[in-house]
1. Per-residue counts of other Cβ atoms within 10 Å, averaged by peptide: what ranking do you get for 100-106, 32-38, highest first?
2. Using the Cα centre of region 36-88 as origin and beta-carbon charges of +1 (Lys, Arg) and -1 (Asp, Glu), tell me which of I44, V88, G76 is placed farthest towards the positive end of the dipole.
3. Within region 38-56, which residues have the backbone N less than 19 Å from the label spot 7 Å out from D104 along Cα→beta-carbon, could you tell me?
4. For region 1-50, with equal point scatterers placed on the C-alpha atoms only and solvent neglected, what are the log10 I(q)/I(0) values from the Debye formula at q = 0.17, 0.24 1/Å, to two decimals?
5. Would you mind checking which residues have amide H under 5 Å from L73's amide H? H placed 1.01 Å from N; only 5 or more apart, or other chain.
6. Summarise the long-distance tail of P(r) for region 19-120 by giving the % of C-alpha pairs beyond 19 Å.
Amino acid sequence: MFVVVHVLPREMFGLSTFGVAMALLKWFPLRLVDKFLLLVANLILGNTDRLGLRRPKTGPIELKNATGKTPVLDVGALSLIKSGKIKVMEGVKEITRKGAKFLDGQEKEFDSIILATGYKSNVPFWLKNCEFFSDDGMPK
């Protein structure tokens, strides 16, 4: 069972990962920047596949440009997933009073459920009359 998502460290080299990506994009092609981000993410975070978090085939910045799907920045959840305190589950069929039923027939009880249904930034929409963002919604 896998959830398909890019998870990146919040910071790389003491700087915001997003800031590093934007700086690199000024000098290097997008696919090279994506490869660099994924290489560093794997070094810092390890292989997320074993945690049930499979990376998409498209790189994180290319995917954001194409679909608006923003990579998840890890702020500590991966260590909780690794420790077993958080479980990654997919295929929710129904939310029940005490938990959830899954497409594979399992029913589990949970104290809390986090619905990670996707995120698309609409900041460029609010700030459309300013010069902070390019036409494709990326910061300048």
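Any read-out appearing in this document is the output of simple, stated calculations on the displayed coordinates, not a laboratory observation. Worth saying up front: this structure is predicted, and the values here are computed from it rather than measured. Cβ sites come from the backbone with ideal geometry, for glycine too, and all protein chains shown count toward neighbours.
1. Listed from highest to lowest mean packing, they are 32-38, 100-106.
2. V88
3. Flagged as within label range: 48-55.
4. -0.52, -0.92
5. L8
6. It works out to 55 percent of all Cα pairs.
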